[in-house]
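Before any comments, here is the structure.
The values are calculated or read from the model by the stated rules, or taken from the named source; none is laboratory data. The model shown is predicted, which means the values in this text are computed figures rather than measured ones. When we count neighbours, we look across all protein chains shown, and the Cβ atoms used for this are built from the backbone with ideal geometry, even at glycine.
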Amino acid sequence: MTTYHKLFSLILIVIMSTAFSSCSERPEKQPVQEEAEGHHDAHEAELSLSAQQMEAIDLQIGKVEQKNLTAVVKASGQLAVPPQNEAKVNVLAGGIIRKIVVLEGQKVKKGQTLAIMENQEMIKLQQEYLSTKSGFSFVAAEYSRQQQLKAAGAGTGKTFQQSEANYQTEQSHIRALESQLRQIGISPARVSSGNITSQIPIIAPISGTIGLISVTTGAYVQPGNSLMDIVDNSKIHADLLVYEKDLNKVKIGQHVSFRLTNQDNQQIEGVLNGINKSFENDTKGLIVHAVISNPMSNLIPGMYVTGLISVGNALSTVVPVDAVVKSAGKEYIFIVADEEAHGNGGKSGTDKPQETHFKKIEVVSGVTELGYISITPIEKLPEHTQVVTKGAFYLQSKSSGPAEHDH
């Protein structure tokens, strides 16, 4: 074998030895890495507090309980007022608005003047009324004379009947004109005393609050066009949509708790007083009406509300309200983890102080009553689970802070 071949064989043996050595060392390092990753995951899932820390924050631990809480049906809807508590102001005859005497948001009473309209045609109506009333005096006198002649047997029956018909016709005409004058806001008594006017007051049909005013001074308005809105919120109620699956649970007289969606979840109370008997469009749901027991001045028709209709009692898994914390749109509780699994029942060989381990569990909350809230855990809780009843907020802040990742 030549020197060249010997050198090539030696290089090949060195390369193969290095490759086998690398392959044999690599698996020995992998378990160490996996162990570190497992320790990191376990650390992120659980928290530990010493007895001194728990005492400092007044952290308290209790049991998950079973209690009879009110069962509810959740329904969404809007605030509304009955039709008789909402009015649109319009006129029976057209004219020009000469003056508006109210502002939007102003409270008014039924019969109060809202605006002044001018219409020259109203002068003709008042003149007709005066003329008809003046002519009625002659007709009434003739009818009285014919009555006297008939009583004396001196008159004819045909003449008496004619005078009686004229009397009744003119009397009906006067009453019709008086009714027209009253409808447009003109007093027949004032017209009879000679007070003829071309200005007509526009009167509030109901008591309430002025809404949108859709006319301005100098504008010409026609009959049937709304000038402004009036809403009486004293009878405001909620219209809630209840779906078909819950219809058999809902009955008139049940208590309802409302939350105003866009008003910081302000809570109001009410009672169901009506259930529709036809489905709303294609929703397979019925509208139920609930009267509000404590109406407030800030309640406005059209506000969105969420209603919780009390339909009875049900045995529920509950914890104190303070035990549930929220984070990123989800809800959690903290339970005490199994101490034996950690081997920290007392002091360890390194004289480490005793610690209590806590685990965060996601839950779905339900009805709240008498300081307790019903929960449904996402994962099954161990038997005899202990839960943090006070101080859960501190654990939540600790779990989301940088301290969680200090190894």
Looking at the stretch 151-158, is at least one residue outside any loop (DSSP other than H, G, I, E, B) and surrounded by 13 or more Cβ atoms within 10 Å (Cβ to Cβ)? no
Lone unmet requirement of (1) part of a loop (DSSP other than H, G, I, E, B); (2) out of contact with any Leu (no Cβ under 6 Å at 6 or more places or on another chain) for Ile309: (1)
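Every residue in the stretch 132-162 that is polar (S, T, N, Q), within 17 Å of His173 (Cα to Cα) and more than 60 Å from the chain's Cα centre (by Cα), please.
Going through the stretch 132-162, the residues polar (S, T, N, Q) turn out to be 132, 134, 137, 144, 146-148, 156, 159, 161-162.
Cutting the leftovers down to within 17 Å of His173 (Cα to Cα) gives us 132, 134, 137, 162.
Residues satisfying the conditions are Ser134, Ser137, Gln162.
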Candidates Thr169, Thr217, filtered to the one that is in contact with a strand residue (DSSP E or B) (Cβ under 8 Å, 6 or more places away or on another chain) and either farther than 29 Å from Asn281 by Cβ or not in a loop (DSSP other than H, G, I, E, B) (or both): Thr217
Determine, yes or no, whether Glu269 is in the same structural domain as Tyr304 (by TED's automatic domain parsing), closer than 22 Å to Asn85 by Cβ and not aromatic (Phe, Trp, Tyr). yes
Working only within the stretch 113-143, note down all residues that are at pLDDT 85 or above, out of contact with any helix residue (DSSP H, G or I) (no Cβ under 7 Å at 6 or more places or on another chain) and of a type in the set (Ser, Thr, Tyr). Thr113, Ser131
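What number of residues in the stretch 220-234 are in a strand (DSSP E or B) and farther than 26 Å from Ala80 by Cβ? Write out each step before concluding.
Restricting attention to the stretch 220-234, the residues satisfying the condition of being in a strand (DSSP E or B) are 220-221, 228-231.
Subsequent filtering for residues that are farther than 26 Å from Ala80 by Cβ retains 220-221.
Adding up the residues that qualify gives 2.
With the condition being more than 15 Å from Ile200 (Cβ to Cβ), I'd like the strands (runs of 3 or more DSSP E) fully within the stretch 84-129 carrying at least 1 qualifying residues.
86-89
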What tally of residues in the stretch 85-109 results from selecting those that are in contact with a helix residue (DSSP H, G or I) (Cβ under 8 Å, 6 or more places away or on another chain) and within 21 Å of Ser297 (Cβ to Cβ)? 1
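For every residue, the table says whether it meets (1) buried (at least 19 other Cβ atoms within 10 Å of the Cβ); (2) more than 30 Å from Ile309 (Cβ to Cβ); (3) charged (D, E, K, R).
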{"position": "Ile186", "(1), (2), (3)": "yes, yes, no"}
{"position": "Gly194", "(1), (2), (3)": "no, yes, no"}
{"position": "Ser198", "(1), (2), (3)": "no, yes, no"}
{"position": "Pro201", "(1), (2), (3)": "no, yes, no"}
{"position": "Leu227", "(1), (2), (3)": "yes, yes, no"}
{"position": "Lys249", "(1), (2), (3)": "no, no, yes"}
{"position": "Gly253", "(1), (2), (3)": "no, no, no"}
Taking the stretch 162-185 only, how many residues are modelled with pLDDT of 85 or more and out of contact with any helix residue (DSSP H, G or I) (no Cβ under 8 Å at 6 or more places or on another chain)? 8
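Filter the stretch 175-184 down to the residues that are surrounded by 15 or more Cβ atoms within 10 Å (Cβ to Cβ) and either over 53 Å from the mean Cα position of the chain (by Cα) or among the charged types (D, E, K, R) (or both) and list them by number.
In the first step, residues of the stretch 175-184 are kept if they are surrounded by 15 or more Cβ atoms within 10 Å (Cβ to Cβ); the result is 177-178, 180-181, 184.
If the condition is that a residue be surrounded by 15 or more Cβ atoms within 10 Å (Cβ to Cβ) and either over 53 Å from the mean Cα position of the chain (by Cα) or among the charged types (D, E, K, R) (or both), then Glu178 is the only one that fits.
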Taking Ile206 and the conditions (1) assigned to a strand (DSSP E or B); (2) modelled with pLDDT of 90 or more; (3) surrounded by 15 or more Cβ atoms within 10 Å (Cβ to Cβ); (4) among the aliphatic types (A, V, I, L, M), which numbered condition does it fall short on, given that it satisfies the others? (1)
Could you please find all residues in the stretch 272-283 being in a loop (DSSP other than H, G, I, E, B) and modelled with pLDDT of 80 or more? Asn276, Lys277, Ser278, Phe279
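Looking for something among the hydroxyl-bearing types (Ser, Thr, Tyr), in the same structural domain as Gln78 (by TED's automatic domain parsing) and more than 12 Å from the chain's Cα centre (by Cα) - is there at least one such residue anywhere in the stretch 280-293?
Yes - at least one qualifying residue is present in the stretch 280-293.
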